[in-house]
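Just below is one structure, and these are the notes that go with it.
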Amino acid sequence: MKRVIIKDIVEKVFDKAKSECAGDSKNALCNHISKSIDLSSKTLERLYDKYFDEKSNVGKQSEHTINMLCQYLNFGSYADYVQKNGGERIEIVRKKNRILLSSIGLVLLAGSILFFVYNKDGEEKLLKNGECMVWIQNHFEKVDCAVSYKGKVVPLDPLRLTNFEKTPVGLTTDFFDEVTNEPLIWYFKKGNDEIEYFTAPGLHPINGSTLKAITPYIIDKYVPKHIYNENSFVQP
């Protein structure tokens with residue numbers, strides 16, 4: 001699910017609620033929407049915090065949550081929303097095609113960002129052409145491969161660019177999918193008491209270590225104020 005589309009869905013949901021609800025406060029709108037679909041007002045408040053107040057400590061939304069929002073907008077599901085909003089779907093296809101055509105063109109010109117050359121000293125270096133990305137503080141940013149940056153420049157990965165970031169965690173963080181109980185947060189333990197949290201699996205953007213999926217044990221030990229019911233987690 002594309003973040004830009006989810007953001008558009010959330011904005012339309014709250015716009016619809018404003019047209020139906022007597023009050024326009026966050027609490028009033030969330031309670032109004034909650035009465036119409038199978039989502040708690042707390043879940044809706046987290047959506048509001050993430051997409052309107054731009055709070056970075058709110059995790060990803062489950063497929064169930066997004067489907068419920070689409071149903072509130074009179075669509076059968078997220079897929080139905082994307083299909084019937086043809087302009088957005090076409091734009092996504094166009095972006096994918098542009099990336100594909102760009103990659104093919106660069107390969108034919110021997111300038112693909114995935115092509116590596118060796119200098120006279122035998123050092124491997126990335127061909128300085130095309131789109132790359134670099135880790136900046138807590139997220140990746142798209143950069144020009146031909147420009148020097150502080151930090152490790154790597155080939156552009158659109159999915160990782162969009163979905164992968166370092167995030168703070170707290171009481172309002174969704175650590176697990178509310179339907180499947182699959183993890184929504186991954187972590188890297190830097191020291192005895194220091195942990196970094198990320199919004200997607202993969203390798204650590206700086207040291208290359210494999211990130212681990214969050215567990216109730218880690219939450220209990222390193223997020224001490226987080227309250228959870230261990231029975232809600234999948235048992236091994």
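The values are calculated or read from the model by the stated rules, or taken from the named source; none is laboratory data. If you're wondering where the values come from, they're calculated on a predicted model, not measured in any experiment. Heads up: the accessible areas ignore ligands, DNA and RNA and are worked out on the full protein's heavy atoms, side chains in. Shrake-Rupley method; radii C 1.70, N 1.55, O 1.52, S 1.80 Å.
Overview of results
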quantity	calculated
Carbon/sulfur fraction of accessible area - the range 175-215, other protein chains in place, 1.4 Å, %	50 percent
Members of LYS12/LYS60; LYS166/LYS190; LYS60/LYS142; LYS84/LYS142; LYS60/LYS212 lying beyond 24 Å, as alpha-carbon distances in this model show	LYS84/LYS142
